[in-house]
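The values are calculated or read from the model by the stated rules, or taken from the named source; none is laboratory data. These numbers were taken from a predicted model, which means no experiment stands behind them. Please note: Cβ atoms are built from the backbone with ideal geometry, for glycine as well, and neighbour counts cover all protein chains shown.
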Amino acid sequence: MTGAIEVVRAGALTTVQDAGRIGWAHLGVPRAGALDAPSRRLANRLAGNPADAALLETTATGCAVRPDRPAVVVVGGAPCRVTIDGRPVAWGTPVHVPAGAVLDAGPAVQGLRSYLAFGGGLLPEPVLGSRSADLLSGLGPAPLRDGDVLPLGHGPSRPAAPDAVPWPGAPAELVLPVRLGPRHTWFTDEALRTLATATYRVSPQSNRIGLRTEGPALARTHEGELPSEGMVLGAVQVPPDGRPVVFLNDHPTTGGYPVVGVVHETALAGAAQAVPGTRVRFVSAG
């Protein structure tokens, strides 16, 4: 049985995400997709969905939704208080939400982004093979607002009973292994030592496009800027202020500021849950 969910409380930023638009960068289309891929996969698995099913990604303040039919829902990612019509229910495991009841995923108590997976998945119209919202390009469904309605796929009528499963926690310190290049020669030797030894902190200006840092500036050996060149997920770009920016899922596909190194995407899940002020260290990827 198909149905729909109504957004009762959209929160600070809630978007539809799946595995993203992989393979379109050559046409200038960013990847998008859930920032915390392990949490997206686990929430979907517990809800009985394929790993790439579309779900909701919330930021900091959570959200509240009302299904028009009985639904199995898993709230995972950043831990938060979860209620159904005001009654506390379990976080991180499937729960049964009656038709017309309001499931509220509260503000994150650790980390930054929570994920709401619905049995059957969310079914907004796909764009270039993905249902993900992309904040940079504007592709996919827009960030949710109160009163929005999203189609809901066919799913189980009652939650499964899984064994206890570990959820990745929010990092107390974000350690990012960096492989230098392609433009590390644009920076002084001292700047490269600083990158490898200094402690940075997550800036409040961070978003789905990039994790911005606060800390010592990296001095350059070259003046001016590069012609725009291709950018990849995990690129560590250094803008004129000298503070590294780690590109995340909604990053631009080209850019002119030099890239001092690249963090492999498998190491980026922690960046999705790193709250402002979290310590950041860049280490050699070998």
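Structure notes:
- Restricting V16, V29, V82, V75 to residues that are more than 27 Å from A267 (Cβ to Cβ), touching a residue at least 12 places away in the same chain (Cβ under 8 Å) and outside the structural domain of N249 (by TED's automatic domain parsing) narrows the list to V82.
- Taking the criterion of being touching a Pro at 6+ places or on another chain (Cβ under 9 Å) and closer than 19 Å to R40 by Cα, the residues of the range 252-274 that qualify are H264, A267, A269, G270, A271, Q273, A274.
- Selection count where residues are small (G, A, S) and touching a Pro at 6+ places or on another chain (Cβ under 9 Å), scope the range 33-71: 7
- Yes/no for R208 being basic (K, R), out of contact with any His (no Cβ under 8 Å at 6 or more places or on another chain), surrounded by 22 or more Cβ atoms within 10 Å (Cβ to Cβ) and not assigned by TED's automatic domain parsing to the domain that holds V16: yes
- Matching residues, the range 47-61, being in a loop (DSSP other than H, G, I, E, B) and within 23 Å of G153 (Cα to Cα): A47, G48, N49, P50, A51, D52, A53
- When residues of the range 24-46 are limited to those that are in a loop (DSSP other than H, G, I, E, B) and touching a Leu at 6+ places or on another chain (Cβ under 8 Å), the one surrounded by the most Cβ atoms within 10 Å (Cβ to Cβ): A32
- Applying the criterion of being surrounded by fewer than 20 Cβ atoms within 10 Å (Cβ to Cβ) and in contact with an Asp or Glu (Cβ under 8 Å, 6 or more places away or on another chain) to the residues of the range 103-136, the residue that is modelled with the lowest pLDDT is L136.
The rows are residues; the columns are (1) part of a helix (DSSP H, G or I); (2) touching a helix residue (DSSP H, G or I) at 6+ places or on another chain (Cβ under 7 Å).
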| site | (1), (2) |
| --- | --- |
| H251 | no, no |
| G261 | no, yes |
| A272 | yes, no |
| G277 | no, no |
| V280 | no, no |
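- Residues of the range 86-142 satisfying the condition of being within 20 Å of A10 (Cα to Cα) and among the hydroxyl-bearing types (S, T, Y): S114, Y115, S132
- Filter pass, L35 being under 15 Å from the mean Cα position of the chain (by Cα) and either under 20 Å from G234 (Cα atoms) or not assigned by TED's automatic domain parsing to the domain that holds A105 (or both): yes
Residue-wise test of (1) over 28 Å from G256 (Cβ atoms); (2) not basic (K, R).
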| residue | (1), (2) |
| --- | --- |
| R131 | yes, no |
| L135 | no, yes |
| R179 | no, no |
| F187 | no, yes |
| R201 | no, no |
| Q205 | no, yes |
| L211 | no, yes |
| A235 | no, yes |
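- Within the range 122-141, considering residues that are hydrophobic (A, V, I, L, M, F, W, C) and not in a strand (DSSP E or B), the one nearest to A71 (Cα to Cα): L123
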